[in-house]
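Engineer: Below is a structure I'd like to ask you about.
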Amino acid sequence: MKPASVWYMSKNDQGAETRLSAELGIGLLMARILVNRDIQTPEQAKKFLFPSLKDLHNPFLLSDMRRGVDRVIQAIHNDETIVVFGDYDADGITSTAVMTDFLAGLNGKVFRYIPDRIREGYGLNRKAIDAIAARGATLIITVDCGISNFDEIEYATTRHGIDTIVIDHHEIPDRFPPATAVINQNRKDNEFPCRTLAGVGVAFNFLIALRGTLREQGFWKNGEYPNLKDYLDLVALGTIGDLVPLTDENRIFARIGLTVMEEGKRAGIKALKLVSGIENSSINSESAAFKLIPRLNAAGRIGSPEEALRLLMADNFD
């Protein structure tokens, strides 16, 4: 006979619950749930309940952000060819899409490369680097990969003279890659508060920093600069798909990104909703996770991730 389950109940901080209830105008049950999640103050509760882009952290708190941004701006001004090198899962595909699209919008010479899961495996490889060099690229930007590719990054530099910017969120190995910039929230020398970003979250922070720097430099003469909010539907898909905790910046990306998805502006997501049988339904984190994202992942696992990438970057529904 199995022993009876023993339940340990959290001790209620009734004072904190009452304060949250009174100051936010919410019920005591909601206040108790928040307090049990260690959300103790009205300020913390407001950020949790009402995510806002103004609560995003300064992207330059990520180590090497300035070096990475400056190298990309140099490449744009010098008309260099840039390749965005991604991963074949939903996080990597969305990271590749947002980075490639933004750089192309700067009139940059950019192409993308996602390795074949079966033939090439995960991350950078020498055959891919040789192919990239043959197309004249002088800068590789890895997204959602690259942190463990010490030898390959060294090969790109010494054999082909190609610089690499690593934008990744995976754990940092013992050997730090010899890249021009390594942007990863897991670096010990970071001051960036959010340590649980998906790869697309790190990539989006890079775009915030890049756009801000270009604005300061007067890159857009007419004052019309890209609205990064338009990318948050893709950022939400990658964030939810990578199963990171939906707290801090991840919560902001998911909440606002789902709202952007509901606006129905992206043809590829409309097509995904259609084949998923939810074209007339609202999208939440559950339907995104169990209806849309598996279809993106399937392309990389049993077909070509390029198909999913083309879908997300399509200009029209046809």
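The values are calculated or read from the model by the stated rules, or taken from the named source; none is laboratory data. Remember, it's a predicted structure, so these values are computed and weren't measured experimentally. Every residue, glycine among them, receives a Cβ derived from its backbone with ideal geometry; neighbour counts consider all protein chains shown.
Engineer: Given the criterion within 30 Å of Asp174 (Cα to Cα), surrounded by fewer than 17 Cβ atoms within 10 Å (Cβ to Cβ) and of a type in the set (Asp, Glu), identify the matching residue among Glu191, Glu216, Glu262.
Structural biologist: Values: Glu216 fails: within 30 Å of Asp174 (Cα to Cα); Glu262 fails: within 30 Å of Asp174 (Cα to Cα).
The unique qualifying residue is Glu191.
Engineer: Same structure again: Give all pairs with beta carbons closer than 6 Å in which a residue from segment 33-62 that is of a type in the set (S, T, N, Q) meets a residue that is assigned to a helix (DSSP H, G or I) and surrounded by 15 or more Cβ atoms within 10 Å (Cβ to Cβ); count only pairs at least 6 apart in sequence or on separate chains.
Structural biologist: Here the result reads Gln40/Ala16, each pair linking segment 33-62 to a residue that is assigned to a helix (DSSP H, G or I) and surrounded by 15 or more Cβ atoms within 10 Å (Cβ to Cβ).
Engineer: Which count do you get for residues in segment 211-234 that are free of Cβ contacts under 8 Å to residues at least 40 places away in the same chain, more than 19 Å from Ser52 (Cβ to Cβ) and assigned to a loop (DSSP other than H, G, I, E, B)?
Structural biologist: Residues meeting the conditions: 7.
Engineer: Condition check: assigned to a helix (DSSP H, G or I) and either touching a residue at least 24 places away in the same chain (Cβ under 8 Å) or touching a helix residue (DSSP H, G or I) at 6+ places or on another chain (Cβ under 7 Å) (or both). Does Leu237 satisfy that?
Structural biologist: It is true that Leu237 is assigned to a helix (DSSP H, G or I) and either touching a residue at least 24 places away in the same chain (Cβ under 8 Å) or touching a helix residue (DSSP H, G or I) at 6+ places or on another chain (Cβ under 7 Å) (or both).
Engineer: Given (1) more than 23 Å from Gly300 (Cα to Cα); (2) without any contact (Cβ under 8 Å) to a residue 40 or more places away in the chain; (3) out of contact with any His (no Cβ under 8 Å at 6 or more places or on another chain); (4) surrounded by 15 or more Cβ atoms within 10 Å (Cβ to Cβ), identify the lone condition not met by Asp151.
Structural biologist: Unmet for Asp151, out of (1) more than 23 Å from Gly300 (Cα to Cα); (2) without any contact (Cβ under 8 Å) to a residue 40 or more places away in the chain; (3) out of contact with any His (no Cβ under 8 Å at 6 or more places or on another chain); (4) surrounded by 15 or more Cβ atoms within 10 Å (Cβ to Cβ): (4).
Engineer: Would you say Lys54 is assigned to a helix (DSSP H, G or I) and among the charged types (D, E, K, R)?
Structural biologist: It is true that Lys54 is assigned to a helix (DSSP H, G or I) and among the charged types (D, E, K, R).
Engineer: I'm checking my understanding of the structure. Among residues of segment 57-70 that are assigned to a helix (DSSP H, G or I) and of a type outside the set (Phe, Trp, Tyr), which one is nearest to the chain's Cα centre (by Cα)?
Structural biologist: Pro59
Engineer: Please enumerate the residues belonging to segment 158-172 that are buried (at least 24 other Cβ atoms within 10 Å of the Cβ) and over 13 Å from the mean Cα position of the chain (by Cα).
Structural biologist: The answer is Thr164, Ile165, Val166.
Engineer: Could we say that Ile73 is in a helix (DSSP H, G or I), of a type in the set (A, V, I, L, M), surrounded by 14 or more Cβ atoms within 10 Å (Cβ to Cβ) and under 17 Å from the mean Cα position of the chain (by Cα) here?
Structural biologist: no
Engineer: Have a look at Leu258, Leu292, Leu228 and point out the one that is at negative phi, in contact with a Lys or Arg (Cβ under 9 Å, 6 or more places away or on another chain), at pLDDT 95 or above and of a type in the set (A, V, I, L, M, F, W, C).
Structural biologist: None of the other options fit; the residue is Leu228.
Engineer: While we're here: One residue is enough: does segment 246-254 have a residue meeting the conditions small (Gly, Ala, Ser), part of a helix (DSSP H, G or I), surrounded by 13 or more Cβ atoms within 10 Å (Cβ to Cβ) and at pLDDT 95 or above?
Structural biologist: Among the residues of segment 246-254, at least one is small (Gly, Ala, Ser), part of a helix (DSSP H, G or I), surrounded by 13 or more Cβ atoms within 10 Å (Cβ to Cβ) and at pLDDT 95 or above, which makes the answer yes.
Engineer: Return yes or no: is Leu309 in contact (Cβ under 8 Å) with a residue 24 or more places away in the chain, within 22 Å of Asn205 (Cβ to Cβ), out of contact with any Cys (no Cβ under 6 Å at 6 or more places or on another chain) and part of a loop (DSSP other than H, G, I, E, B)?
Structural biologist: no
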